[in-house]
Amino acid sequence: MICSDEHWLLSFYRVSEISGSLFFGRLARGMKPGRIQVDMTKHFADEAQHAWLWTECLGKLSLEPLKVEEAYQDQYITEAGMPVNVMEVLAITQVFEQRVLRQYNMHKQIPNLNPVIREYLERIMKDEEWHIKWIRGELKEMETEYGRDNIMATLKRFHDADERVYDKAMKENAHRLQNILASYGATK
Ligand SMILES: [Fe+2]
Ligand SMILES: [Fe+2]
């Protein structure tokens, strides 16, 4: 049995993956032929699969996903503004994916973590690593068109927005992680 905070957090992951999938799905649908179109489609499909994996994971723990209203993504757009071109889309995605990976990694570090959750985290994190990798490659390629300084400045802008989102809303997340940590400590 897992604690209610971990139940909430896994449900939150599921909703965030759904939001990611919808975001990339919409982008992939409207994209012109080319490498980005292909990778974006895979990216969209991965996030959809992750939403299912968290649902499956909760099922294995005999739990149903909670209805969580807020996802990371919604707050990003509010804080950083809508990306205006493909480069900005990739930049915001890069920053966001790094945050997701950090969060999953933090969760994975919990001592005595439920092995089912660990297995799903590891499986999903493998894809998240690829997400960061392909986007980093494309941003590098875009330096000739958009300019390296411009790309760096855009990344910085989104990093700052990311910090603000994390500071504001994600404190709640960190708090839950602390409770989860305590609950594993208590059942040791
Ligand atoms: Fe994902
Ligand atoms: Fe991802």
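Taken over the stretch 57-88, residues that are part of a helix (DSSP H, G or I) and either closer than 20 Å to residue 7 by Cα or of a type in the set (S, T, N, Q) (or both) amount to 8. Scan the stretch 87-108 for residues that are under 28 Å from residue 146 (Cβ atoms) and in contact with a helix residue (DSSP H, G or I) (Cβ under 7 Å, 6 or more places away or on another chain) and the total you get is 15. Among the conditions (1) assigned to a helix (DSSP H, G or I); (2) more than 17 Å from residue 40 (Cβ to Cβ), residue 91 misses just one, which is (2). When you check residue 117 against the structure, is it part of a helix (DSSP H, G or I) and either basic (Lys, Arg) or in contact with a Cys (Cβ under 7 Å, 6 or more places away or on another chain) (or both), yes or no? Yes: the conditions hold for residue 117. Of the residues in the stretch 34-56, at least one is over 26 Å from residue 143 (Cβ atoms), in a helix (DSSP H, G or I), under 11 Å from the mean Cα position of the chain (by Cα) and touching a residue at least 40 places away in the same chain (Cβ under 8 Å). Just for the stretch 14-34: of the residues that are surrounded by fewer than 21 Cβ atoms within 10 Å (Cβ to Cβ) and basic (Lys, Arg), which one is nearest to ligand 2 (Cβ to nearest atom)? Here the residue is 26. Residue 67 versus (1) within 16 Å of ligand 1 (Cβ to nearest atom); (2) out of contact with any Asp or Glu (no Cβ under 6 Å at 6 or more places or on another chain): which is the lone unmet condition? Here residue 67 meets the rest and fails (1).
For the stretch 129-144, a residue qualifies if it is touching a residue at least 12 places away in the same chain (Cβ under 8 Å) and either in contact with a strand residue (DSSP E or B) (Cβ under 7 Å, 6 or more places away or on another chain) or closer than 15 Å to residue 91 by Cβ (or both), and the qualifying residues are 131, 132, 134, 135, 136, 138, 139, 142. Scanning the stretch 83-132 for residues that are more than 11 Å from ligand 2 (Cβ to nearest atom) and under 10 Å from the mean Cα position of the chain (by Cα) yields 95, 102, 103. Working carefully through the options 184, 120, find the one that is modelled with pLDDT of 95 or more and not β-branched (Val, Ile, Thr). Step by step, each of 184, 120 is checked, and only 120 is modelled with pLDDT of 95 or more and not β-branched (Val, Ile, Thr).
The values are calculated or read from the model by the stated rules, or taken from the named source; none is laboratory data. On a predicted model such as this, the values are computed, not experimentally measured, just so you know. Don't worry about glycine lacking a Cβ; one is built from the backbone with ideal geometry, like all the others, and counts go over all protein chains shown.
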